[in-house]
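Written below as structure tokens is the structure these notes are about.
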Amino acid sequence: MAVRKISEYPEDVLGRVGRPVTEFDERLAALCADMYDTMYDAGGVGLAAPQIGLDLRLFVMDCDGIKLIAANPEIIHAEGEQSGQEGCLSVGKVPAVVIRPMKARLKAQNEKGEWFEQEAEGYAARAFLHETDHCNGKLFIDHLPKLRRDMVVKRFKKEKNWK
Ligand code: NI
């Protein structure tokens, strides 16, 4: 188990559509353990493989009582609307208000390759959507109007320079 380096905007890997996960073996289990270590270390509630430099369709999350590993995730149903603050470990956790569906149903495979479906509402639904987006090469800032997106990027770059 190890904490991995987090890929940050604008690294290429964050904009790439992930490759499907095809091997459900000990290597995948070890990778997921590292992803959890990295996520908890950074104080996040979700982490997708591209965020540690791997173009794979895989994420882990522990948010609002829902803890799961999702390989090859798909959002098969979404409804309603919520407006709330969102941030991303790959964009320095700079927050911005993003409009998302209120409910989302996720279909994915666990670390053994078994398919499952899970429904979530509110913050956890937001995590499903945010992390599935990562697997499709999309960041939360891609949902923002240009001006707000530019503001988040500017603040992120500024904070990075202070470190
Ligand atoms: Ni993120």
(request) Spot the failing condition for residue 67; the list is (1) closer than 24 Å to residue 33 by Cα; (2) within 16 Å of the ligand (Cβ to nearest atom), and only one is missed. (result) (2)
(message) Quick check on residue 118: is it farther than 29 Å from residue 25 by Cβ, of a type in the set (S, T, N, Q) and out of contact with any Lys or Arg (no Cβ under 7 Å at 6 or more places or on another chain)?
(response) no
(message) Being within 12 Å of the ligand (Cβ to nearest atom), among the aliphatic types (A, V, I, L, M) and touching a Lys or Arg at 6+ places or on another chain (Cβ under 6 Å) narrows it down to one residue among 139, 129; which is it?
(response) 129
(message) within 11 Å of the ligand (Cβ to nearest atom) and outside any helix (DSSP H, G or I): is that true of residue 112 in this structure?
(response) no
(request) Among what's in the range 80-100 and is of a type outside the set (S, T, N, Q) and part of a strand (DSSP E or B), pick the residue that is nearest to residue 155 (Cα to Cα). (result) 96
(message) As an exercise: evaluate residue 124 against (1) in contact (Cβ under 8 Å) with a residue 60 or more places away in the chain; (2) in a loop (DSSP other than H, G, I, E, B) and give the number of the one condition it does not meet.
(response) (2)
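Quick grid of which residues meet (1) aliphatic (A, V, I, L, M); (2) closer than 27 Å to residue 23 by Cβ; (3) touching a Phe, Trp or Tyr at 6+ places or on another chain (Cβ under 6 Å); (4) surrounded by 21 or more Cβ atoms within 10 Å (Cβ to Cβ):
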position: 98; (1), (2), (3), (4): yes, no, yes, no
position: 102; (1), (2), (3), (4): yes, no, no, no
position: 106; (1), (2), (3), (4): yes, yes, yes, yes
position: 114; (1), (2), (3), (4): no, yes, no, no
position: 136; (1), (2), (3), (4): no, yes, no, no
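The numbers here are math on the coordinates, done by the rules we state, and not lab data. Model, not experiment: these values are computed from the prediction. Reconstructed Cβ throughout: ideal geometry from the backbone, glycine too, with neighbour counts over all protein chains shown.
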